[in-house]
Amino acid sequence: MANHHRSNSLPPSTHSFLSKLLLFLTILPLALATLAFVLQWRGGSVSDPTTATSRWAPRGSRREVFPGMETSSSLLPKYHHSSNCINLGRSSSPSFPYYRDWKFGFEDSLKPKICITTSTSAGLAQILPWMFYHKVIGVTTFYLFVEGHAASPNVSGVLESIPGVKVIYRTKELEEQQAKSRIWNETWLSSFFYKPCNYELFVKQSLNMENAIFTARDAGMDWIIHLDTDELIYPAGASEYSLRQLLRDLPSDVDLVVFPNYESSVERDDIKDPFGEVSMFKKNYDHLPKETYFGLYREATRGNPNYFLTYGNGKEAARVQDELRPNGAHRWHNYMKTPNEIKLDNAAVLHYTYAKFSDLTSRRDRCGCKPTQEDVKRCFMLEFDRAAFIIASTATEEELLH
C-alpha cells in the first residue's frame, strides 16, 4: 500500500509543469489559426467587390451599388484562396471584380501602349466592367467623351479618379474647337450634319476620334481603338489572352488592323448582365467558310433584313502616327499615304447588341422622331434599329417581349 501510494503521488513542481504544458498545447493551435487568418486577410490580393465601390465614390456622394453587387452573402463571389483566383463561372456573382487599386504596376514599361476612345452616356454599371476587362488584356489608357448620365457628378467623379482614364466633357469650348477641325469641312462627314439620333452620334464619334488622335500622340500611345461600351475586344490568336501581345507581334509596317465583329445572339429574355450572361455569338462572315455562311443564311437571319441585326464591318485598331485621321466610327485612314491594312483571322470584337429586353424598350426614349416608316429613315441608319424604334414606340410590352 505504501509503495503504491508513492508511485501515484507526484511532487507539486511536476503537477505545475504538466498544467502549463497542457495549457500551452491548447493555446498553440488557436494562436496559429489566428495568425494564419490575419496573414491571409492582410495579404490577399483580391478585394471584396461589394466594398470596392466605396473606393470610387466621390466625396459627399451616395454609394452606387452595381448590378449583382448587393451585400447579401448569397451574391458574393466565391474565391479560391489557395491561388487567389476568382470564379468567373456562370453565377449570380459579378462578372468582373472591381479592384480598389487599378494600378496594375506595368503601365510605364508596357509596350505597345494601347488606348481606347469612346463616346458614351452610360452609367458606371456599364463602363466599369468594360474598362476593367480591357485593362486586363493590355489597354493602358481610356479617353472617355462623356455626356448625359456619364457626365453627371456621381459617374464622372468616379471615372476621373481611376488611373489611366481621361474624361472629356461635351462643352461649348469643345464644340467650337471641333467646328474648326480638319474633318469638319470634309464632304464625307458634312453629309451627316443636321440630322438627328444616329446620324448626330456618328458625327460626334468621328470628331471625338479626331481629338483622341492628338491626345494619344501627345501621350506617346502606340495604338488607338474606337469602341463602344457594349463591345469587347476578343484577342484570339495570341498565345496569351492579350491584346498587347497580339499587336506587339505584328510586323512594323502594319498601320491598321481590322477586328471582324461577332454579334450576340438572343438566348433568353431575362438577361441583366450581358458581359457575364451572354455566351453565344454569331460569327462574322469573314471568319466562316463560304458554304457555311450561304448554306445557313436563312436560319441565321431568322427573318431579319440582314445577317447581323446591326453593323457587320468590324472595328479597327490604328497605329498612332502623323496624318492619321478617322474614316467614320469604324475605320481610320491617313492623309499622306495609303495605310497598310490587315484583317485578323481569329481575333474579333464581341458586340453585345440588343442583349437585354430593356435595350429594345429604351429605344423609344432615345429619339424625338415619329414612329413612321418615313420619319425613322432620317433618324437611324440601320434597318433593324428603325424597326426596333417603331415597335418600341407603338407596341405593348407583351408584344415587344414576343
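Quick one: accessible area per residue over segment 222-331, 1.4 Å probe, rounded to a whole number of Å²? Spelled out: the 1.4 Å probe surface of segment 222-331, per residue, equals 47 Å². Remark: spin-label model distance residue 154-residue 297 equals 4.8 nm, labels positioned 7 Å along the Cα→Cβ axis.
Sorting check: for 233-245, 161-173, 109-121, which peptide has the highest mean count of neighbouring beta carbons within 10 Å, and how do the rest follow? Could you put the intermediate results ahead of the total?
On the way: 233-245: 16.8, 161-173: 14.6, 109-121: 20.2.
Most protected by this proxy first, the peptides run 109-121, 233-245, 161-173.
Computed from phi, the 3J(HN,Hα) profile of segment 142-150 under the Karplus parametrisation 6.51, -1.76, 1.60 (θ = phi - 60°) reads 10, 10, 9, 8, 10, 7, x, 4, 5 Hz, with x in place of Gly and Pro.
Across segment 397-402, coupling constants 3J(HN,Hα) worked out from phi with the 6.51/-1.76/1.60 Karplus curve, θ = phi - 60°, read 5, 5, 5, 4, 4, 5 Hz, and Gly and Pro carry x.
Round to a whole number: what % of the accessible area of segment 359-401 belongs to carbon and sulfur, probe 1.4 Å? Can you show the working numbers first?
Values: 1260 of 2600 Å².
Result for segment 359-401: 48 percent of the exposed heavy-atom area is carbon or sulfur.
Residues whose amide H comes within less than 5 Å of that of residue 282, counting only those at least five positions distant or on another chain, are 263, 264, 265 (H built at 1.01 Å from N in the peptide plane). If the segment from residue 281 to residue 26 were pulled out straight at 0.36 nm per residue, it would be longer than the present Cα-Cα gap by 85.9 nm. With the whole protein complex present, residue 137 retains an accessible surface near 0 Å², based on a 1.4 Å probe. Using a simple spin-label model with pseudo-atoms 7 Å out from Cα toward Cβ, residue 249 and residue 381 lie 3.2 nm apart.
When the chain is fully extended, how far beyond the present Cα-Cα distance does residue 110 get from residue 241, taking 0.36 nm per residue of separation?
Details: separation 131, 0.36 × 131 = 47.16 nm, distance 1.55 nm.
My answer for the length gained is 45.6 nm.
Ligands, DNA and RNA aside, residue 287 has an accessible area near 30 Å² when probed at 1.4 Å. Summarising the amide proton neighbourhood of residue 348: residues at separation of 5 or more, or on other chains, whose placed amide H is nearer than 5 Å comprise 234, 236. Each residue of segment 261-267 is assigned a 3J(HN,Hα), and the resulting list reads 9, 10, 10, 4, 9, 6, 9 Hz, derived from the Karplus form 6.51 cos²θ - 1.76 cosθ + 1.60 (θ = phi - 60°), x at Gly and Pro. Each of residue 269 and residue 337 was given a label point 7 Å from its Cα along the Cα-to-Cβ line. The distance between the two points is 5.5 nm. Each part reduced to its alpha carbon centroid, segment 273-352 and segment 157-197 end up 24 Å apart. Sorting 338, 34, 229 by solvent-accessible area of protein heavy atoms yields 338, 34, 229, largest first, with a 1.4 Å probe.
The Cα atoms of segment 359-401 give a gyration tensor whose axes a ≥ b ≥ c have a/c of 1.5 or more with a/b greater than b/c, which makes the shape prolate. Compared with the alpha-carbon gap, the fully stretched path from residue 365 to residue 171 is longer by 67.5 nm at 0.36 nm per residue. Heavy-atom accessible surface of residue 280, to the nearest 10 Å², is about 90 Å², with a 1.4 Å probe and all protein chains retained.
For residue 168, the residues 5 or more places off, or on other chains, whose built amide H falls under 5 Å of its own are 144, 145, 146.
The values are calculated or read from the model by the stated rules, or taken from the named source; none is laboratory data. This one's a predicted model, so the numbers in the text were calculated from it and none came from an experiment. When we count neighbours, we look across all protein chains shown, and the Cβ atoms used for this are built from the backbone with ideal geometry, even at glycine. Keep in mind that these areas ignore ligands, DNA and RNA; they rest on the heavy atoms of the full protein, side chains included. Shrake-Rupley method; radii C 1.70, N 1.55, O 1.52, S 1.80 Å.
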